[in-house]
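What follows is calculated from the coordinates using simple rules that are stated; it is not laboratory data. Not measured: the values here are computed from a predicted model. As a convention, Cβ positions derive from the backbone with ideal geometry for all residues, glycine included, and neighbour counts pool all protein chains shown.
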Amino acid sequence: MLYRRVLTVVAASLGLLLIPNLVNAQYQQRFYVQGTGGVAVPAGALNKYVDPGAGAGLEVGYQLTDAVMLRVEGDFQHLNGTRLSGTTPVTTPDLDTWSTTGGIQADLVRLIGRRTDNRVQLLADVGAGFARLNSDRFAWASDPTNTSRKFEQTYFGAAGGLTVAYAPTKRTSLYVGGKVRSIFADRGETEDLAKIDPANLKNFRTAVMLPISAGLRVRI
């Protein structure tokens, strides 16, 4: 029958169209894991409290579209205490930050240029989450004998950055990038840090860090 032949041709045509897509979907790795390492540079008010230090992080993401990814990252920075000048020089305590951020990342090369086979990526990301600030022990200028004080607080934070990546294979990417990470602190609570040396330090509402990192992303 003619209609059966037509149906057979249509079914075969649909099969030819769908099978490649199913194969691509089967072997396309949408999840990825990413490791980072680099330096963290304090900025703004935080720059008076600590010096730059080392940082590391781990990120897990999902490729939502060719150009857009959902991501969750956890990172750690160790910022070194700094020497404050004055009549009696004081060294501020080291400060550790633990951050957890969820957000979105976009490949601007694919999003704007509409090129899907480019090995070079320009990635922009934005996200929000929480950050934990932990200091080493310190003393106030008004009570120098009590050296058991510590600063341990958790605050809301946000971050955004740019990354340049190169994909030598379909499953791996090498990259280098930087971010601006803001931690929205409580001014009354950060007064405890300012009391280390009131002549040189002030309490603050926002702690800003500039992590600069390089790393490897692997699709799984």
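Given a Förster distance of 45 angstrom, what is the FRET efficiency for LYS202 paired with LEU70, based on the Cβ-Cβ distance and rounded to 0.05?
Working: r = 38 Å, r/R0 = 0.85.
Efficiency for this residue pair is about 0.75.
With a point put 7 Å past each Cα toward its Cβ, work out how far ALA214 is from ALA128 in nm, to one decimal.
Between ALA214 and ALA128, the label points sit 3.4 nm apart.
Between GLU191 and TRP98, what length in nm is gained on full extension when 0.36 nm per residue of separation is reduced by their alpha carbon distance?
Length gained, GLU191 through TRP98: 31.4 nm.
Report the extension gain between ASN118 and ASP143 in nm, rounded to one decimal, defined as 0.36 nm multiplied by the number of residues separating them, less their alpha carbon distance.
Between ASN118 and ASP143, full extension yields an extra 2.9 nm.
Over the range 166-209, consider all pairs of different Cα atoms and compute the Kirkwood hydrodynamic radius from their mean reciprocal separation; express it in Å, one decimal.
13.4 Å
Quick one: the Cα spread of the range 120-220 along its three principal axes, in angstroms, biggest first?
Between the extreme Cα coordinates on each principal axis of the range 120-220 lie 59, 24, 21 Å.
Starting from the alpha-carbon convex hull of the range 42-175, give the projected area averaged over all orientations, in nm².
9.9 nm²
For the pair PHE184 and LYS48, how long in nm is the line joining their label points, each one 7 Å along Cα→Cβ?
With each label placed 7 Å out from Cα toward Cβ, I get 2.3 nm.
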